[in-house]
Structure formats: C-alpha cells, structure tokens
There are 2 protein chains.
Amino acid sequence: MTLFKSLAVVGPGLIGSSILRRAREDRGIAQTLIAADSNAAVLDRVRELGLADIVTADLAEAAKADCVVLCVPVGAVEAVALEMLPYMKQGAILTDVASVRGQLGPRISTALPTGVSYVPAHPMAGTEHSGPDAGFATLFEDRWCLLIPPANTDTSAIHKIEQLWKQCGARTRVLEDAYHDQVCAIVSHLPHLLAFTICDTADNLSDELRADVLEYAASGFRDFTRIAASDPVMWRDIFLANREILLETLDRFTADTKGMADAIRAGDVESITDRIARGRQIRRTLIANRQA
Amino acid sequence: MTLFKSLAVVGPGLIGSSILRRAREDRGIAQTLIAADSNAAVLDRVRELGLADIVTADLAEAAKADCVVLCVPVGAVEAVALEMLPYMKQGAILTDVASVRGQLGPRISTALPTGVSYVPAHPMAGTEHSGPDAGFATLFEDRWCLLIPPANTDTSAIHKIEQLWKQCGARTRVLEDAYHDQVCAIVSHLPHLLAFTICDTADNLSDELRADVLEYAASGFRDFTRIAASDPVMWRDIFLANREILLETLDRFTADTKGMADAIRAGDVESITDRIARGRQIRRTLIANRQA
C-alpha cells in the first residue's frame with residue numbers, strides 16, 4: 001500500500017524534483033509520479049532525468065492525481081491552485097511548498113471543491129541552486145517541514161501530508177499562518193534582506209574599495225554573501241508576500257541597530273558589551289539545540 | 001640565520017599563541033621565543049604547553065627582544081606600547097596585531113626611541129575561541145596579513161615584518177591607516193555589528209517566538225549567529241576604535257536598507273529584483289576570487 005496512488009509535482013525545480021527523486025527511491029510514497037510544468041525545456045529535462053512516469057504540460061491532467069504538490073514560486077501558487085482545483089477529484093489533497101502564507105490559506109480554501117483538502121506545507125530546506133538538476137533525494141533529511149492547514153481541514157488529509165514529508169526525511173509541525181510568517185520573517189526573510197542589502201552597499205563603493213572588500217571578504221562579509229546568493233525572483237516574491245510582518249520585523253531590527261550605534265557613538269562600554277553578549281548567548285543555545 | 005634572534009609575544013592568546021606555535025615549528029623565525037602576559041594563569045598555561053623559551057610577567061624583560069609583537073586587545077595596544085618602548089633596544093621592531101588602526105600609528109610613532117621601528121600588522125584570521133589553548137600553527141595559512149606602517153618607517157623593518165608573516169603562511173600587503181579601517185569596516189566590523197544586532201532582536205522576542213526562531217534557525221539566521229559568537233570585549237574595543245568610519249558605513253547601509261524597505265512597501269518589483277541581483281553578482285565575484 002502506497003501513501004498515494006498518484007502524486008503530481010507542479011514545478012519540478014529544486015524542491016519539486018527533490019520530492020520526485022525521493023519518491024523514486026521510496027516507492028511507498030506513490031505508485032505513479034506525475035511532473036507538470038509550463039516550460040517545455042523543464043519538461044524535457046525531467047524526461048531525460050527520468051524523474052516521473054508521466055511528464056505533461058497539461059495542468060488539468062496533473063490535477064487528476066490523488067495528491068497535487070504545487071512547487072511553483074510563492075507569487076504563482078494562488079493562480080495555479082485556482083486553475084487546477086476544478087479538475088481535482090473527491091478525496092484528493094492539494095498542497096504547496098510556499099515559504100510565506102499571507103492570505104493563501106483563506107483564499108484557496110474558499111475555492112475548494114467538496115471533498116478536496118488543502119494542506120500546504122513549508123519544507124525549510126534549499127540551496128542557492130534551482131531547476132530540475134538542482135534537486136536531490138536527501139534535501140529534506142532532518143530538516144523541518146511546517147504544515148499550515150486552514151482551520152477545519154480534514155484531519156486524515158493533514159496526517160497524509162505529514163506522512164509524505166516524514167517519508168521525505170523531514171520533521172513536521174503544524175503552525176498557524178500568521179505565526180508561521182512571523183517566525184519565518186526573523187529566521188529567514190530578514191537575514192536575507194540584510195544580506196542582499198550589505199552586498200548592495202558593498203556594490204555601491206568606489207571601484208578600488210569594492211575590489212579590496214572582495215579581496216578581504218573572508219572576515220565576516222563572506223558569510224552574508226552566502227545567503228545573498230539565492231534566486232532574485234523567489235526572494236522578491238517572498239518579500240512581497242510577507243510584506244507587513246517583514247517590514248515590522250525590520251523596524252524592530254532598525255531600532256536595535258540604532259541602539260547599538262548610539263551606544264558606540266556615546267562610548268557606552270557596558271551597553272555595547274551587553275548587546276554583543278546576548279548575541280553570543282543565542283549562538284550557544286543554537287549549539288545546544290544542535291542547529292549550529 | 002634566523003629572521004630575529006629573539007621574538008617576544010605579549011598576550012599569548014589565540015593570535016599570539018598561534019605565532020609562538022608557528023615559530024616553534026619553523027625555527028627560521030627566531031632563536032629565542034619569549035611570552036609575556038600580566039595574567040599569571042595565562043603564563044602557567046603557556047609554560048605547560050611549552051610555547052616559549054622564556055615566560056615572564058615582566059614587560060621590561062620582554063621588551064629586550066629584537067621583535068616585540070603586541071597581541072593584546074585593540075584598546076590596550078597604546079598603553080602597553082608606551083610602557084615597553086623605553087626598554088626596547090636600537091634596531092628592534094615593535095609590531096602589533098590590532099584590527100583597527102585609528103590613531104595608533106601616529107601616537108605610537110611619536111614615542112619611538114631612536115633606532116626602534118614600529119610596523120603594525122593585522123592578520124585577517126581568527127576563530128570564535130580565545131586564550132593560549134585556542135591557537136594553532138596553521139591559523140594564518142593562506143590568510144591576508146595587512147601591514148600598516150606609519151609614513152617614513154624604515155624599509156628593512158617593513159621587510160622583516162612581511163617576512164615574519166610570510167613564514168607564518170600569510171599573504172601580505174601594505175595599506176594606509178584610514179583606508180585599512182574603511183576596508184575592515186565593511187568587510188568585518190559592519191557584518192559583526194549586524195550579526196550581534198539581529199541576535200539581539202531575536203533575544204527581545206516573546207519566549208515562544210524566540211524558542212521557535214532558535215528551533216528553525218537553519219534558514220539563514222544561523223549564518224548570522226556564527227559571526228556573532230566572537231569575544232564581546234574584543235568587538236566592543238574594535239567598534240569603539242573604528243567608531244567614525246564604522247558609523248558612517250552603517251549610515252550608508254541603513255540608507256540602503258531603507259531603500260529596500262521602501263521598494264517592498266511600494267511593491268516596486270523591479271527595484272527589489274535589482275537590489276537582490278547586485279548581491280548575487282558580488283557572491284559570484286567572490287567565487288571567482290576563490291574567497292567563497
């Protein structure tokens with residue numbers, strides 16, 4: 001008995017092709033694997049890599065699967081969901097992997113045909129690469145996958161999506177939309193915003209200074225550029241989708257930065273040391289949590 | 001022929017004990033190694049580790065070496081230099097490893113006895129650990145060491161300190177004080193300030209949210225905590241010593257952050273993507289420079 005008879009991945013990029021690769025290895029996930037995309041080159045590559053049993057540009061065809069996983073950019077989830085939902089069958093589950101929830105939950109919920117469940121999930125895994133070649137079967141191993149089902153979602157559908165992610169190697173947890181977006185704002189979105197910005201600040205330096213900054217980057221700057229290497233369109237969509245919470249978190253950070261700057265300007269030795277020591281404390285907790 | 005007859009390291013912590021370890025392995029650096037510190041426990045540990053031929057709390061004794069390397073915190077360099085300079089001999093070289101120059105060059109220059117040279121250097125290497133146990137002989141391997149000699153410093157003294165660092169495995173370059181501090185502000189000081197601050201912002205969250213942020217830290221936040229783990233007193237001193245240039249660099253960054261926030265608030269898709277793309281470009285240059 002497989003978890004699903006058929007599983008369709010719409011958008012077989014880094015995340016989607018990793019799910020397909022995992023399901024190729026663990027045949028307990030689904031009997032039939034379907035890959036769908038609007039980009040013919042992506043579909044050709046998926047065929048060459050042998051990632052799915054059915055490879056199609058026809059969303060209505062992919063929508064007939066028992067489980068449809070939307071792995072399209074955050075900004076495209078709603079449109080693709082609304083296009084596919086009318087073709088989905090009774091008892092089927094729609095899920096996505098969007099890293100920001102915003103209004104997706106309530107909006108897609110209202111469009112659900114009877115007997116179709118929506119159980120979105122956010123696998124907290126990724127690399128700076130993208131496309132069907134970038135995926136690998138162990139991408140989700142020991143990573144968190146956060147489930148964000150709308151209120152009143154069918155419990156057995158939630159369990160099935162939990163099981164899907166567990167079979168992909170992930171640890172799962174159920175959160176509410178707004179809380180999820182708040183956690184992600186500080187865990188991921190704000191760090192990326194700052195990393196992109198410090199790279200931008202460096203880019204705006206004089207040619208000589210910029211060349212030397214790049215030469216001596218090993219002293220900390222490099223660590224910021226690592227997370228600034230990610231896909232611009234994906235991050236643009238994430239920033240826009242989580243606009244309110246992200247800007248509010250940024251305001252808090254800006255106030256804290258101003259506090260540090262004021263302490264440095266005033267030579268307030270104690271305040272500077274306190275602020276630095278708190279940062280160290282958090283690092284120690286991470287090491288204790290085995291996250292560092 | 002060794003580079004120096006005797007070499008004294010004042011403050012055998014991470015950097016100082018790494019120099020001693022390297023000089024223990026490469027006997028072409030100095031015939032006699034001296035370690036000096038005001039802390040008796042540090043001296044005991046240096047004796048146990050067998051890092052030096054002479055281990056002393058007497059700065060006047062250590063000052064008699066042909067080369068005196070001050071590895072004390074940035075904030076203590078000037079005071080220790082002024083205490084030792086009167087005991088230094090004709091032809092000897094004073095150096096330090098301070099990561100901010102500020103007014104150190106001109107101030108120490110005016111106190112130099114005739115025939116004594118001052119050739120400070122900044123090895124761009126380190127770990128988050130400190131103390132005589134933290135050092136290792138290969139710490140400087142393939143890392144940059146920036147020399148910042150005051151104007152009119154004796155050329156042969158500069159060459160000798162360059163040679164010292166080359167024998168420690170480092171690549172060397174000579175820079176001017178203010179330019180050095182400007183490069184380090186963006187390469188190292190600003191990233192550390194931001195990293196300490198985002199950790200501080202996380203620390204100020206509600207208990208529940210903070211616990212979850214720590215749980216899901218792998219998505220970017222963790223990379224910031226890595227550089228936030230460094231020694232608070234050292235970084236307090238660095239921030240204060242490079243106050244003007246650092247705050248000016250922070251102002252530029254804050255303006256760029258505000259630009260990004262405004263673009264997000266306005267939904268200015270093109271401006272957001274441009275800013276992100278510039279960050280990616282810098283990352284690619286780093287990879288091309290083999291710094292990433």
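Laboratory data are not the source of any read-out in this text; all were calculated from the coordinates shown. This is a predicted model, so every value here is computed, not measured. Cβ atoms come from the backbone with ideal geometry, glycine included; neighbour counts cover every protein chain shown.
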**Message:** Taking θ = phi - 60°, what integer Hz values does the Karplus form 6.51 cos²θ - 1.76 cosθ + 1.60 yield along segment B:56-65, in sequence order, with x for Gly and Pro?
**Reply:** 9, 9, 8, 5, 5, 5, 4, 5, 7, 5
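Less than 15 Å Cβ to Cβ from A:Ser38, Lys/Arg counted +1 and Asp/Glu -1: what total charge do the surrounding residues give?
On the way: positive: A:Arg45; negative: A:Asp37, A:Asp44, A:Asp58, A:Glu61, A:Glu83.
Result for the local shell: -4.
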**Asked** Under a point-charge model restricted to the Cβ atoms of Lys and Arg (+1) and Asp and Glu (-1), what is the dipole moment magnitude of the protein assembly as shown relative to its Cα centre, in debye to the nearest 20?
**Response** 1080
**Asked** Within the protein assembly as shown, how many Lys pairs sit with Cα atoms under 30 Å apart, leaving out pairs fewer than 8 places apart on the same chain?
**Response** 19
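Relative contact order of segment A:179-288: what whole-number percent is it, with Cα pairs under 8 angstrom and at least 6 residues apart? Show your work: numbers first, answer last.
Working: 42 pairs, mean separation 35.3, N = 110.
So the answer I get is 32 percent.
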**Message:** Given the DSSP H assignment, sum -39500 (n - 2.57) over each helix run of at least 4 residues in chain A and divide by its residue total; what's the result at 222 nm in deg cm²/dmol, nearest 500?
**Reply:** -15000 deg cm²/dmol
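In chain B, which helices (entire DSSP H runs) extend 24 Å or more along their own long axis, judged by Cα positions, while averaging at least -0.5 on the Kyte-Doolittle scale?
Details: long enough: B:243-266 (34 Å, -0.21); B:269-288 (29 Å, -0.30).
Those that pass (Cα extent of 24 Å or more, hydropathy at least -0.5) are B:243-266, B:269-288.
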**Request:** Scan chain A and report its longest stretch carrying no GluC sites (Glu not before Pro) that are both in a DSSP loop and have at most 16 other Cβ atoms within 10 Å.
**Result:** A:1-127
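Just the number, please: percent antiparallel of the DSSP beta bridges in segment A:86-241, rounded to the nearest 5. Provide the component values of the computation, followed by the final result.
On the way: 3 of 9 bridges.
Among the beta bridges of segment A:86-241, antiparallel pairing accounts for roughly 35 percent.
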**Request:** Please arrange A:Met88, B:Met1, A:Met260 by counting, for each residue, the other beta carbons lying within 10 Å of its beta carbon, fewest first.
**Result:** B:Met1, A:Met260, A:Met88
**Request:** Take the Cβ-Cβ distance between A:Val233 and B:Ala151 as r, set R0 to 45 Å, and report the resulting FRET efficiency rounded to the nearest 0.05.
**Result:** 0.35
**Complete:** Whole-Å distance linking the alpha carbon centroid of segment B:84-159 with that of segment B:172-251 is 24
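Using Cα pairs closer than 8 Å and at least 6 residues apart in sequence, work out the relative contact order for segment A:1-78, in percent.
Values: 144 pairs, mean separation 30.6, N = 78.
It comes to 39 percent, rounded to a whole number.
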**Prompt:** Can you give the % of DSSP beta bridges in the protein assembly as shown that are antiparallel, to the nearest 5?
**Reply:** 10
**Request:** In nm to one decimal, list the spacings between the A:Ala60 label point and its equivalents in the other copies, with label points set 7 Å along Cα to Cβ, shortest first.
**Result:** 9.7
**Label-point gap, in nm, between B:Arg171 and B:Ala134 - each point 7 angstrom along Cα→Cβ** = 2.6
**Message:** Using a 7 Å offset from Cα along the direction of the beta-carbon, what are the separations from B:Asp133 to the same position in each other copy, nm, ascending?
**Reply:** 4.8
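How much of the DSSP beta bridge set in chain B is antiparallel, as a percent to the nearest 5? Walk me through the numbers before you get to the answer.
Values: 3 of 26 bridges.
Approximately 10 percent, going by the DSSP bridge assignments.
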**Prompt:** Would you list B:Thr285, A:Thr138 from fewest to most Cβ contacts within 10 Å?
**Reply:** A:Thr138, B:Thr285
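Compute the orientation-averaged projected area for chain A from the convex hull of its Cα atoms and round it to one decimal in nm². Each step should come with its number before you reach the end.
Values: hull surface 70.4 nm².
The orientation-averaged projected area of the Cα hull of chain A comes to 17.6 nm².
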**Request:** Using Cα pairs closer than 8 Å and at least 6 residues apart in sequence, work out the relative contact order for chain A, in percent.
**Result:** 16
**Fill in**
Expected max-MSF residue from A:Ile282, A:Ile19, A:Ile54 in the GNM of chain A (alpha carbon, under 10 Å) is A:Ile282
